[in-house]
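The structure appears right after this line, and notes come after that.
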Amino acid sequence: MKRYTLFTMMTALLVIIIAAGSAYLSSGTRTIQRHPMHEITAYTTFPAEIAAVLSEEYEKEYHIRVNFIQLSPEQILKRLDEDVHEETAGKAALILADRETLDRAAAAGYLVPYISEKNDQIVDSFRHPHRYWTGVWYDPVVFAVNQDYLRTHIDLPNSWQMLAQQRDIRIGTTDFMAADASSNLLYSMIAEYGDQRAFEIWRRIQPKIIQYSKYLHTPVRQAGMGEVDLSVAVLSETLRYVHDEYPIRILYPMDGTSAVIYGSGIVFYAPERDVHTAEDFTDWLLTDEAQLALAQHRFYLLTTNPTTLSYQMFAGKNISIFKSRPYFSKEEKEILMDRWIKEVRFYEE
């Protein structure tokens, strides 16, 4: 397992921003043709702040406005059904959401396949097998380790098995009941390892957990401040603290990890003009230009496009993602979460 210094991480991010910006400014042509001012609607599960950055940057450069409507996964599916059966204003031409929501929309027949030169570069694990959606970013769970702990320990936990076996360690993590990215880790490990092994790993980790946090950024801050030795955290939040020069090193679990994958899908009932606009926007999301816009606003999601500078310069680009998809029904998730509460978090021998 490669380990990267804070200097290396900072240098990589800086090079990405400078190189991507320089490449764009020096280019005499653009891959997306300019259109007259036009607007489309997009349903998204993304935070409003990220959606606003993407919309503003795209409008500034291409004179096309993408009006994002932030909804929960269930709300998106409900709205799509209403759009099909009722005459509603502002119907979406595009969905920008997590993988599970996109898969459910595709299975319900709301999306149409889309293939382009850009999205054809994406590996199969980041897209629908029949191209009903294309993954554009992902946010994996990593180990954020305090540098003082690194200096005093030789055998570092770079896998879930090693973390479970580590004796002298204080761990921080976000409560599985508090955030989707955190609960996705639990469901992903159950899908990958089976419930018995997954629960056993967490039973061994549980005594070392100093605090369960409510927010995704809290465990990273704790690791940076030395309040814990290692935090189980999403990479996007960890990179924010690395960028702010907190003494944190990132370890990528060798035995795999979970990731929230975000993708884009074209809605089948959209007018032809809106479809073309949605396709162009989807391709733009896979560019260094979009990645640069996010990085400038301190949003550090990993691109799925291996041809971009952003991907090629990032040290953790070869991180291993669990192969099994954690698709459980609402009822199954409630049962698994209840088991985790009883058999792990509040378990007493």
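Summary table below
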{"item": "Only one of Asn305, Asn318 that is part of a loop (DSSP other than H, G, I, E, B) and in contact with a strand residue (DSSP E or B) (Cβ under 9 Å, 6 or more places away or on another chain)", "result": "Asn305"}
{"item": "Every residue from region 223-278 that is on the phi > 0 side of the Ramachandran plot and of a type in the set (A, V, I, L, M)", "result": "none"}
{"item": "Output for region 132-158, where each listed residue is at pLDDT 95 or above and part of a loop (DSSP other than H, G, I, E, B)", "result": "Tyr132, Trp133"}
{"item": "Tabulated pairs, region 231-256, first aromatic (Phe, Trp, Tyr), second surrounded by 23 or more Cβ atoms within 10 Å (Cβ to Cβ) and not in a strand (DSSP E or B), C-beta under 6 angstrom, 6+ apart or interchain", "result": "Tyr241/Val220"}
{"item": "Residue check, Lys342 in contact (Cβ under 8 Å) with a residue 60 or more places away in the chain and over 25 Å from Ala42 (Cβ atoms)", "result": "no"}
{"item": "Lone unmet requirement of (1) touching a helix residue (DSSP H, G or I) at 6+ places or on another chain (Cβ under 8 Å); (2) open to solvent by 40 Å² or more (accessible area, probe 1.4 Å); (3) among the hydrophobic types (A, V, I, L, M, F, W, C); (4) touching a residue at least 40 places away in the same chain (Cβ under 8 Å) for Val123", "result": "(1)"}
{"item": "Selection count, region 55-83, where residues are open to solvent by 60 Å² or more (accessible area, probe 1.4 Å) and in a helix (DSSP H, G or I)", "result": "7"}
{"item": "Per-region count, region 86-142, residues touching a His at 6+ places or on another chain (Cβ under 7 Å) and among the small types (Gly, Ala, Ser)", "result": "1"}
{"item": "Test set (1) closer than 28 Å to Phe281 by Cβ; (2) touching a residue at least 60 places away in the same chain (Cβ under 8 Å); (3) open to solvent by 50 Å² or more (accessible area, probe 1.4 Å) - Met177 fails condition number", "result": "(1)"}
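Yes or no, residue by residue, for (1) among the small types (Gly, Ala, Ser); (2) out of contact with any strand residue (DSSP E or B) (no Cβ under 6 Å at 6 or more places or on another chain); (3) in a loop (DSSP other than H, G, I, E, B); (4) open to solvent by 10 Å² or more (accessible area, probe 1.4 Å):
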| site | (1), (2), (3), (4) |
| --- | --- |
| Ala164 | yes, yes, no, no |
| Thr173 | no, no, no, no |
| Met189 | no, yes, no, no |
| Glu200 | no, yes, no, yes |
| Arg204 | no, yes, no, yes |
| Pro207 | no, yes, no, yes |
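The values are calculated or read from the model by the stated rules, or taken from the named source; none is laboratory data. None of the values given here were measured: they were computed from a predicted structure. Cβ coordinates were reconstructed from backbone atoms using ideal geometry, including for glycine residues, and neighbour counts include every protein chain displayed. Each accessible area value is taken on the protein alone, full model and side chains, heavy atoms only, with ligands, DNA and RNA left out. Shrake-Rupley method; radii C 1.70, N 1.55, O 1.52, S 1.80 Å.
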